[in-house]
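All of the numbers you see were taken from the coordinates with simple rules; none came from a lab. Since we're looking at a predicted model, the values are computed, not measured. Cβ sites come from the backbone with ideal geometry, for glycine too, and all protein chains shown count toward neighbours.
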Amino acid sequence: MTTLRVESLRKTFTAQRGAVRAVEDVSFTVEDARFFTLLGPSGCGKTTTLRCIAGLERPEAGTIRLDDDVLSGDGRFVPTHARDIGMVFQSYAIWPHMTVFENVAFPLRVSEHPPSRAETRRLVAEALVLVGLEGLEERPAPQLSGGQQQRLALARALVRKPKLLLLDEPLSNLDAKLRQRMRIELRELQRRLGITTVYVTHDQGEALFLSHRVAVMQNGRIVQEGRPRDLYASPASAFVADFVGDATFLPGEVVEGGVRALGGIVRCALSEALTPGAKALLVMRPERVLVRSAPAGLVNEFAGTLRVAAFLGDHLDCIVDVVGTELRARAHPTAELRREQRVWVELPPEHCLAIPDDGWRPRALARTFDDDET
Amino acid sequence: MAATTVGRRAGMRIPAWRAEIVVAGGAALFLAYLTVVPLAMLLLGAVSASGSALDFQFTTRYLERVVTDQASLELLANSLIYAGGAAALAFALGTAAAWAVERTNIPARSLWYGLALVPLIVPGIVHTVAWLFLLSPEIGWINAPLKTFFGFSLSVYSLPGMIWIEGLHTAPLAFVLMSAAFRAMDPSLEEAAAASRADAWKTFRRVTLPLLLPSVASVLLILFVRALEGFEVPAIIGVPGRIFVYTSRIYLSLKLYPPSFGLAAAYGLVLLAISIVGLVLHRRATRHAERYATVTGKGYRPRRLQLGRFRYVALGALGLYAFLAVVLPFLVLIYASLVRVYSVPSLESLRELTLSNYSFILEDELTRTAVFNSLILGLASATVVVAVTAVIAWITVRTRLPGRGALDFLAFVPITIPGIVLGISLIWVYFTIPIRIYGTLWILLVAYVTRYLPYGIRGTTSALVQIHRELEEAAGAAGARWWATFRYILIPLLRPALVGVWIYVFIISLRELGAGVLLYSSQSVVLAVRIFDLRDSGNYTSIAALSVFLIIVLVTLVSVLQRIGGRTIREA
Ligand SMILES: Nc1ncnc2c1ncn2[C@@H]1O[C@H](COP(=O)(O)OP(=O)(O)OP(=O)(O)O)[C@@H](O)[C@H]1O
Ligand SMILES: [Mg+2]
């Protein structure tokens with residue numbers, strides 16, 4: 001049983017141009033055997049949080065507890081080497097002057113009570129089997145491929161059976177195909193070993209695929225935490241909605257039973273915070289927006305012009321212009337749709353999410369066309 | 001791991017950052033002692049009215065003299081002409097060779113890199129003495145036939161003579177630096193110009209030249225400062241020819257009667273100032289160069305100019321240079337080492353070849369002492385420099401201690417201190433403070449370590465920067481304490497670079513003359529100084545023998561050490 005508790009963590013860097021608040025009041029708990037992911041854009045403080053857990057950074061405030069041990073806080077700071085962790089670095093940090101075997105055996109050899117030679121051999125072999133690198137023991141580490149190095153880093157992190165596994169963007173240096181495969185393996189491995197894991201990534205697909213729970217970070221803070229499906233279905237802010245999945249944002253004024261947008265009223269469920277007159281943002285997931293070439297006479301149906309219908313294999317990526325607002329949608333790949341033709345979009349009310357408008361907007365149209373990886 | 005062990009182990013350990021502060025503080029004190037103290041003493045010495053820097057009775061007598069005296073103006077003019085001329089000559093020769101080797105299809109390209117190393121290994125004093133044999137007015141190999149057939153001779157004891165000898169010797173440095181500059185330049189930049197319809201000349205003028213300009217400036221400045229600091233040519237050629245520059249003047253201030261330590265310090269201060277200006281300008285030039293970012297670490301394959309028939313003309317020119325800079329000096333030294341009295345070679349002199357010069361130096365007690373001392377000093381200074389700079393580099397690269405930049409700076413300061421100025425500064429230091437090491441090997445060790453710190457810090461820092469910090473952090477995350485991380489991760493990864501720095505410092509310490517010439521005694525004589533001394537007693541043929549011996553030892557050492565170093569690199 002291992003539980004990681006992080007409370008009110010804070011870390012500031014003093015750089016040349018003033019202080020950088022890298023982590024600000026971050027708290028979360030990772031229950032036993034859970035896969036927990038810190039997700040966020042570049043520079044939001046994910047790595048810093050992970051490094052605080054590993055003891056590679058010294059937080060200014062907050063406590064980090066592994067079960068009943070205080071790793072950091074309350075005036076104590078356990079150095080990295082005394083923490084019962086395994087860590088995979090973004091660069092893998094495979095020691096180039098050692099063989100595969102030596103790399104994996106290192107954590108055993110430097111431990112307080114090094115196991116016997118035979119035992120070391122057995123444990124290393126076990127770890128290598130775990131990641132599918134058996135038989136490569138004597139290979140010099142630099143001769144491994146990218147994917148193999150990644151597995152080696154994982155074997156090294158697991159070999160002394162740590163309580164906690166820390167992973168910093170371990171898949172980001174791999175090519176797209178390999179990344180797909182490795183994330184399946186990683187998920188399998190974690191579920192099988194039941195090791196408590198903290199994972200850092202900026203790839204929402206990875207986060208959703210791998211995790212039991214995900215925390216989305218923005219500017220050093222956790223802005224929302226929850227199960228992947230909850231984050232996706234009910235993001236608390238436009239930032240989260242945008243970062244976890246694709247969305248079109250429709251700003252508008254709240255009216256009775258819906259939001260005024262697209263030249264009419266979009267019917268949707270409203271939370272208590274959204275009283276008539278308030279500013280709201282409608283979050284529309286493209287795959288929930290239906291496109292037809294003829295009207296079906298349903299609620300939330302709007303006429304528009306098809307601007308883009310790009311074939312992406314398993315679907316058509318569409319942009320529909322509804323009274324000057326560009327709405328993203330997906331259509332079946334066999335649908336007979338032509339550019340500039342008149343279409344009707346349906347926004348099913350149960351999939352229309354209205355959130356308070358905090359003024360945040362995605363950066364320009366940058367995300368409109370980069371829907372390739374997930 | 002049980003809960004209690006985590007807590008106990010954590011409680012017992014000194015926090016790592018406190019150990020860091022102790023080590024960094026120690027390093028700062030050490031560096032300050034090696035660099036700040038001598039410079040402060042030099043300053044005090046230049047204005048001290050009595051023989052001790054700490055009497056605090058000041059005079060501006062010496063400073064006035066070095067700034068206003070008529071002879072001092074001549075000194076300044078001589079120094080600038082000599083250093084500027086030598087730099088220009090070395091640059092012209094080196095750049096032409098670098099361009100030919102890097103950018104044309106000249107044959108035997110790798111051979112030239114190997115040959116360029118030789119003058120860098122041969123001590124300046126050996127090269128100078130060899131050219132004295134070649135250009136000596138009456139009996140030099142070159143002058144004797146000129147005199148016989150054309151009735152005139154080239155005067156070696158002149159500014160042009162000095163410039164020629166120094167320029168010829170430092171040209172390989174220009175070659176090495178400029179070929180690196182040529183190689184670092186992305187040829188696609190030139191190709192892009194060509195694709196924009198610029199012809200060859202326009203491409204050169206608008207693209208190649210501006211891109212190379214920062215390198216040109218920085219190489220010229222390095223060569224200038226080096227010539228300015230050099231002691232060998234000014235002492236051996238300049239002094240007999242009554243052409244004085246700062247380095248020889250400092251030496252003479254102490255060696256002529258009555259010696260004036262104050263005057264020497266004042267001259268040292270001026271030389272230091274010029275050298276600092278030169279290096280500050282150099283730094284600006286290179287900082288500028290980084291903006292161009294022509295180096296991307298890719299191995300470029302530049303288009304080579306097809307020389308056609310001129311291929312062999314270029315080859316001949318390079319060959320001639322190699323002959324003058326390497327082969328001819330070596331031949332004349334061998335010849336001189338085998339005769340009783342140096343003269344123009346003739347049937348007679350060839351009949352009387354003898355090994356007596358070699359037996360003289362082998363039996364000479366002082367020469368033996370010099371060999372022994374040089375080796376001891378080489379080993380010790382290389383080891384100390386590598387150890388100290390590795391620690392400093394680690395602090396500046398890996399820690400976030402405030403003031404770590406100052407450490408790096410302190411270790412770099414000695415690059416501005418000419419060897420002979422360091423010598424006079426150390427005399428002042430150890431005449432003033434009650435550590436009685438003047439005249440022992442210790443003061444030479446202090447001088448050598450100070451002088452080579454910049455090379456060490458440059459080598460170790462760039463090596464450490466290339467080692468991803470996550471490699472160390474991964475060891476910590478694997479449960480290794482700092483010692484295990486240091487021992488099993490850092491040292492093995494750094495080893496090739498450390499070995500390289502060690503070899504470099506060892507070799508240059510065997511050639512050192514300037515820093516030692518004011519500090520030695522008969523107990524602490526070293527090789528280059530021994531040659532210098534033999535010259536004072538007019539024993540030129542023995543010098544030749546010792547020089548040949550020294551060249552052979554150095555070239556052998558370098559090739560052996562490079563092989564060892566190369567193997568370590570391959571192992572890693
Ligand atoms: N050693 C440091 N010194 C100064 N600032 C730092 C340091 N490390 C991180 N920062 C700053 O702290 C902030 C958070 O950095 P962090 O590395 O945690 O981001 P990240 O979320 O991991 O981003 P990425 O996805 O790019 O890895 C950034 O603004 C970064 O510039
Ligand atoms: Mg990061």
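As a rough footprinting exposure proxy, the listed residues A:GLU340, B:GLU229, B:GLU166 were ranked by other beta carbons within 10 Å of their own, and the order from fewest upward is A:GLU340, B:GLU229, B:GLU166. Test of understanding: in a Gaussian network model of chain A with alpha carbons linked when under 10 Å, which of A:ASP68, A:ASP246, A:ASP317 would top the mean-square fluctuation ranking? Result: A:ASP68 has the largest fluctuation of those listed. Residues whose amide H comes within less than 5 Å of that of A:THR99, counting only those at least five positions distant or on another chain, are A:ALA141 (H built at 1.01 Å from N in the peptide plane). Peptide A:95-107 has a mean of 4 when you count, residue by residue, the C-beta atoms of other protein chains within 10 Å of its C-beta.
How large is log10 of I(q)/I(0) for chain B at q = 0.05, 0.09 Å⁻¹ when the intensity is taken from the Debye formula with one equal scatterer per alpha-carbon? The Cα Debye sum returns log10 ratios of -0.24, -0.78. Legend: mean number of C-beta atoms from other chains within 10 angstrom of residue C-beta atoms, peptide A:67-73, equals 3.
Computed across chain A, the Kirkwood hydrodynamic radius from all distinct Cα-Cα pairs reaches 23.1 Å.
Packing, taken as the mean count of other beta carbons within 10 Å per residue, orders the peptides B:488-499, B:411-422 from highest to lowest as B:411-422, B:488-499. Take the Cα of B:ARG284, step 7 Å toward its Cβ, do the same at B:ILE376, and the gap between the two points is 4.6 nm. Scattering from the C-alpha atoms of the protein assembly as shown alone, worked out with Debye: what is log10 I(q)/I(0) at q = 0.04, 0.05, 0.07 1/Å? One equal scatterer on each Cα of the protein assembly as shown leads to -0.30, -0.46, -0.79. Applying both filters, DSSP loop and at most 12 other Cβ atoms within 10 Å, to the GluC sites (Glu not before Pro) of region A:65-129 gives A:GLU112. When A:ARG109, A:ARG156 are arranged by Cβ crowding within 10 Å, least crowded first, meaning fewest neighbours, the order is A:ARG109, A:ARG156. With the highest mean first, a sort of the peptides B:458-469, B:436-447, A:209-220 on other beta-carbon atoms found within 10 angstrom per residue produces A:209-220, B:436-447, B:458-469. The local environment of A:SER145, defined by Cβ-Cβ distances under 14 Å, has a net charge of +4 under the rule Lys, Arg +1 and Asp, Glu -1. Per-residue mean of foreign Cβ neighbours for B:478-491 is 5 (Cβ atoms of other chains, 10 Å radius).
The modelled label-to-label distance between B:GLU64 and B:ILE139, using points 7 Å beyond Cα along the C-beta direction, is 4.8 nm. Ranked for footprinting exposure by Cβ neighbours inside 10 Å, fewest first, B:ILE125, B:ILE81 give B:ILE81, B:ILE125. Remark: spin-label model distance B:LEU331-B:PHE360 equals 2.4 nm, labels positioned 7 Å along the Cα→Cβ axis. Inverting the pair-averaged 1/r between distinct Cα atoms of region A:1-59 gives 12.4 Å as its Kirkwood hydrodynamic radius.
A simple count of charges around B:SER537, restricted to other residues whose Cβ falls under 12 Å of its Cβ and scoring Lys, Arg +1 and Asp, Glu -1, yields -1.
Comparing A:ARG34, A:ARG229, A:ARG151 in a Gaussian network model of chain A where C-alpha atoms under 10 Å apart are linked, the largest mean-square fluctuation is found at A:ARG229. Share of pairwise Cα-Cα distances greater than 18 Å in region B:189-277 is 61 percent (whole percent). When every Cα-Cα distance of region B:106-168 is counted in 10 angstrom steps from zero, the calculated P(r) takes the values 21, 38, 27, 15, 0 percent. Our summary gives chain A a relative contact order of 15 percent, counting only alpha carbon pairs under 8 angstrom and 6 or more residues apart. If only the Cβ of Lys and Arg carry +1 and only the Cβ of Asp and Glu carry -1, the dipole of chain A around its Cα centre is close to 600 debye. Using the Cβ-Cβ distance between A:VAL323 and A:HIS212 with R0 set to 56 Å, the FRET efficiency from 1/(1 + (r/R0)^6) comes to roughly 0.85. Only the Cβ atoms of Lys and Arg (+1) and of Asp and Glu (-1) were treated as charged; on that basis the dipole of the protein assembly as shown about its Cα centre amounts to roughly 980 debye. Average 1/r across all pairs of distinct alpha carbons in region B:378-426, invert it, and you get the Kirkwood radius: 12.3 Å. Along its three principal directions, the equivalent ellipsoid of region A:256-374 from the Cα gyration tensor extends over semi-axes of 25, 17, 12 Å, largest first.
Sorting B:235-242, B:68-75 by their mean Cβ neighbour count within 10 Å, with the most densely packed peptide first, gives B:235-242, B:68-75. Over region A:39-132, the fraction of Cα-Cα pairs per 5 Å bin, rounded to whole percents and listed from the shortest bin up, is 2, 11, 17, 18, 17, 15, 12, 6, 2, 0.
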